[in-house]
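Read through the structure below, which is laid out as structure tokens, and then see the notes.
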Amino acid sequence: MRHAPSGAHSKSIRTGLVAALVGVSLLLGGCSSIFLPPKLTSTPTNETVAADVAPYYHQVLTWKSCGNGMQCTKAKAPLDWSKPAGASISLALIRHLATDGHPLGSLLVNPGGPGGSGYDFIRDSLSFAVDKTLQQNYDIVGFDPRGVNHSSAINCYTDPAMLDNYIYGLPKAAIGTDAWITEVEQQNKTFGGDCAKYTGALLGHVDTVSAAKDLDLLRAALGDKKLDYLGYSYGTLLGQTYANLFPKKTGRLVLDGVVDPTVSPFELDADQAKGFELDLRAFLAECPKLKSCPFTGTVDQSMASIRRLLDKLDATPIKNSDGRELGSETMFTAIIFPLYNTANWPYLVSLFNDVSSGSAKVAFELADAYNDRNANGTYQDNETEAFTAINCLDRSEERRVGKECRSRW
């Protein structure tokens, strides 16, 4: 029953159910690198750094084959950059070697989120992430930032049903009431307590500044004098943070879908909300031309119909075959997910028709894809947990009644 975002999120740039539904076939990279070259260790820059961080900057990375012509490794980073001599964490990396055999260097890639897995992004969607020219000239390196998936990761539950309740659970009180605010606040407190219980000290050190410092040690361990970097969505904020911290070590940065770090979280949410409304209006304008479109009036009339549908779901949720109930918040998630690509519009038609008929099947399929939930009730990764933790550290002004740092970039 987590509070739905006013502007939702762009999640991470990755493949998912919707891409599969529209028949998008992404080429898996690495066909030209079936046989690994003999060099499987990195040559660090061995640059002069403070003694307490030197073991991290000077570490030698040992790569191993991990399928599809890819190589994988793990690096060490300080848990707390203010106390680098203390505990350490691991950072997972995967790379596709430059196909011409003479790389200009490493190109590190972040798909967004926060909480998106750069490791999975490069492993599963190399040709979607970068074009052939970049593959030819750079070693493409995907990495999971601290707190994310294959790296030392945030964990907030022992049973996936606990995360189900956080994401999909319905409030008992009417949305917007004082009782609802109290209920949401308590749920967030419980979720945060579980995250602290199952994650430990890492939970307080997954902020973007710490992740940017990790980027610099990865650059040095990989042997690059300057960082070449490609960031999508939230990844642009990580890239901007790095450039601000290490301007003399910043190489070529490509920032796609820039997050403006100067705007408040509330302004960002408002801008996202406006964007989704524009996209939804564009869909509704074209919907009558699509087969089985349930909307026949003007765009404003159709928007009013959707508002009534959301209100109806709040009053009378629709039970899914697995027992979960569809309310307006999950329906909102199901609506926004296909809006990122006009090719997905037919699935919005299916969604509205299915829900109007009293079924929650399509809505949960879309919402589950958005939340990386498998059909058996488990989750593919920890993006929801990592995203929440990172945002709550970065956006401390949202840590107050009724808020849960819930806007993905």
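The values are calculated or read from the model by the stated rules, or taken from the named source; none is laboratory data. The shown structure was predicted, so the numbers you read here are calculated from the model rather than taken from an experiment. Note: ideal-geometry Cβ built from the backbone for every residue, glycine included; neighbour counts use all protein chains shown. For accessibility, only protein heavy atoms count, side chains too; no ligands or nucleic acids. Shrake-Rupley method; radii C 1.70, N 1.55, O 1.52, S 1.80 Å.
Just to verify a result, which residue in the range 289-302, among those that are of a type outside the set (Ser, Thr, Tyr) and farther than 19 Å from residue 347 by Cβ, is surrounded by the most Cβ atoms within 10 Å (Cβ to Cβ)? Filtering the range 289-302 for residues that are of a type outside the set (Ser, Thr, Tyr) and farther than 19 Å from residue 347 by Cβ, the one surrounded by the most Cβ atoms within 10 Å (Cβ to Cβ) comes out as 299. Just the residues that are closer than 18 Å to residue 75 by Cβ and at pLDDT below 95, please, taken from the range 220-256. Answer for the range 220-256, where residues must be closer than 18 Å to residue 75 by Cβ and at pLDDT below 95: there is none. Within the range 336-363, the set of residues being open to solvent by less than 10 Å² (accessible area, probe 1.4 Å), without any contact (Cβ under 8 Å) to a residue 60 or more places away in the chain and in a helix (DSSP H, G or I) comprises 351, 352, 355, 363.
All of (1) touching a Leu at 6+ places or on another chain (Cβ under 8 Å); (2) assigned to a helix (DSSP H, G or I); (3) more than 30 Å from residue 50 (Cβ to Cβ) hold for residue 215 with one exception: (3).
Only one of the listed residues (113, 86) is under 28 Å from residue 200 (Cβ atoms) and at pLDDT below 95. That residue is 113.
Which of (1) open to solvent by 40 Å² or more (accessible area, probe 1.4 Å); (2) more than 24 Å from residue 376 (Cβ to Cβ) does residue 200 not meet, given it meets every other one? For residue 200, the failing item is (1). Taking the listed residues 149, 188, the one that is crowded, with 17+ Cβ neighbours inside 10 Å and on the phi > 0 side of the Ramachandran plot is 149, with no other qualifying.
Among the residues of the range 223-245, those identified as surrounded by 23 or more Cβ atoms within 10 Å (Cβ to Cβ) and in a helix (DSSP H, G or I) are 234, 235, 236, 237, 238, 239, 242.
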